[in-house]
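The structure appears right after this line, and notes come after that.
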Amino acid sequence: MHAAAKSSLALKIVASLALGLLGGCNRTSGDSTAAVTPELPAHDLATGRVEFVEGYQRGLEHGRQQGKPMLVFFTAHWCDYCHAMAREAFSQQAVIDLSKKFTCVLVDADSEPEICRQFRVRGYPTVQFLSPGGLPLNRLVGKQPANQVVMEMEAVLQAVARRIDEPTTLR
């Protein structure tokens, strides 16, 4: 192999490793290379200081009743990036204050894999914002700082405020 080809291959390997480290945790069923941690109950999922409704269906019903947009946090107890995001972003006062304008929903990747597939979640953490009627809006993938979460939350609130004639149910 020529030196230029070796250098190119090395750069590709380093770039793919860096992307994996920056983006978040990945784990698919049957992936024997994923680090496996003993199964923990859902209440051991990291949430920072934001109050979450556990489970997608409960959260969706609660969000529709309240008429609030939803912040759906796709997480897993084995995901270090999820814990870091909960500890760092979901513990900041600006995020906590804005979270009161949302129905915050916690989706455990191991307990609700079908919901993760439905939303095409491929990495953790993922934050999916939904309208009060359950329509997908913005999305954050990977560990995000508090200021990015705040910007997305504000954008969703503005978008929802502009949608006066949105349907309240999905068919």
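The table below lists the values:
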item: Size of charge dipole - segment 107-152 - debye, nearest 20, with Cβ of Lys, Arg +1 and Asp, Glu -1, no other charges; result: 220
item: Interchain or long-range residues, amide H under 5 Å from Leu45's placed H; result: none
item: Amide H contacts under 5 Å for Gln92, placed H, 5+ residues apart; result: none
item: Proximal charge balance of Glu152 [Cβ under 15 Å; K/R count +1, D/E count -1]; result: +1
item: Backbone HN-Hα couplings from phi across segment 140-156 [Karplus 6.51/-1.76/1.60, Hz, Gly and Pro as x]; result: 10, 10, x, 5, 10, x, 4, 5, 5, 4, 4, 4, 5, 4, 5, 5, 5
item: For Val105, distant residues with modelled amide H under 5 Å away; result: Val53, Leu71, Val72, Phe73
item: Whole-Hz couplings from phi, Karplus 6.51/-1.76/1.60, listed for segment 50-64; x for Gly and Pro; result: 8, 8, 10, 8, 7, x, 5, 5, 4, x, 4, 4, 4, x, 5
item: In Hz, Karplus ³J(HN,Hα) per residue of segment 114-125 (6.51, -1.76, 1.60; θ = phi - 60°; x = Gly, Pro); result: 5, 5, 4, 5, 4, 8, 6, 7, 10, x, 10, x
item: Calculated FRET value between Glu54 and Arg162, using beta carbons and R₀ = 22 Å, to 0.05; result: 0.15
item: Sorted peptide list for 130-140, 153-163, criterion being average Cβ within 10 angstrom, highest first; result: 130-140, 153-163
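No lab work stands behind these numbers, since they all come straight from the coordinates. These numbers were taken from a predicted model, which means no experiment stands behind them. Note that each Cβ is placed from the backbone with ideal geometry, even for glycine, and that neighbours are counted across all protein chains shown.
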